[in-house]
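Encoded as structure tokens, the structure appears first; notes follow it.
The values are calculated or read from the model by the stated rules, or taken from the named source; none is laboratory data. Small disclaimer: the values here were computed from a predicted structure and weren't measured. Because the Cβ atoms are built from the backbone with ideal geometry, glycine has one as well, and the counts that use them run over all protein chains shown. Surface areas here come from the heavy atoms of the whole protein model, side chains and all, with no ligands, DNA or RNA. Shrake-Rupley method; radii C 1.70, N 1.55, O 1.52, S 1.80 Å.
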Amino acid sequence: MADHAPSWFRQYVILERAALRAQLQYRVNFWTTLIGGVAFQGTQLLFLGVLLSKFGLIAGWGFPEIAFVFSMRLASHALYVVPFGSLMMTDFIVREGDFDRYLLRPVSPFLQLVTREFRLMALGDGLLGVGALIIFSWRAPVDWTAPKLVYLILAVVGGSLVETGIQTFFCGLAFVATSTFSLRIFADDMITRFSGYPLTMFGRGVFFSFCTAFPMAFIAFLPATVLLGRTADVPLPGWLIAVSPLAGVAVFALGYACFVRLLPRYTSPGS
């Protein structure tokens, strides 16, 4: 597996660069889509500001703390959607039979799914995510040190892997169910709407479901409690909260294992 890693990375760079060049041929579309990506995620941040201006606190969390969690969620989402956003097109690729060609090429089918199209709106997500993380990390009530900065980076990477793992699982499911679009939209909507908030506000039962069945608590909230010194608010062991960034590796590994396991069950729509 390690021997193939450089080859995978080189193939990814070549294919993704080609996809980006194809999109850059339409300059007006590039800029309008980029602005659209910033505006779409920006409205979520605007809503957060309006909400807290009215109520002051949410579950005991103030604006600087929630904005920090929200910015971690944005950065993690950007790190997922820029390289892996094309996974959302898997249903269409399977339904139209385009996946048949992927199986005939000497390149990993998963890699071909990832690099099918460069999603320009993802660049807008990336710009806002990085900008928001820098601004709200500075405003957050955190005494920043080098270890905490490293932990923040690991948390953002781990959060992106959680989201990638969830979408990769749906890719595998598409080989059996053909259409997983509603599930993908539901998952994406849940993450967009709620993962940037203190998830303990939903009660223990719902919170535990966000740690197990749908593990979006690991995207931003749990590692943020470590940096903010609010692990006492979470009904989980302290050591488990501390290692929460590692959950991304586990979720992605499970999602990819599902993809590989269900790949042989793909049936061409033309057969």
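Structure summary
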{"quantity": "Inter-probe distance in nm under a simple model that places probes 7 Å from Cα toward Cβ, at F202 and L263", "calculated": "3.2"}
{"quantity": "Distance (nanometres) between label positions extended 7 Å along Cα→Cβ at M190 and W239", "calculated": "2.9"}
{"quantity": "Accessible area in the full protein assembly, largest first, 1.4 Å probe, for W138, W239, W61", "calculated": "W138, W239, W61"}
{"quantity": "Nearest-10 value in Å² for the accessible area of F99, using the 1.4 Å probe", "calculated": "0"}
{"quantity": "From phi via Karplus (6.51, -1.76, 1.60), per-residue ³J(HN,Hα) for segment 189-197 in Hz, x at Gly/Pro", "calculated": "5, 4, 5, 5, 7, 10, 6, x, 10"}
{"quantity": "Sites L57 and V249 - FRET efficiency at Förster radius 25 Å, r taken between beta-carbons, to 0.05", "calculated": "0.15"}
{"quantity": "Cα centroid separation, segment 216-237 to segment 124-148 (Å)", "calculated": "17"}
{"quantity": "Rg/Rg_globular for segment 205-258, with Rg_globular taken as 2.2 N^0.38 Å and Rg from C-alpha atoms", "calculated": "1.13"}
{"quantity": "Karplus 3J(HN,Hα) series, Hz, for segment 212-229 with 6.51 cos²θ - 1.76 cosθ + 1.60 (x for Gly, Pro)", "calculated": "10, 4, 9, x, 6, 4, 7, 5, 8, 4, 4, x, 5, 5, 5, 5, 8, x"}
{"quantity": "Convex hull per residue volume in Å³, alpha carbons only, for segment 55-204", "calculated": "137"}
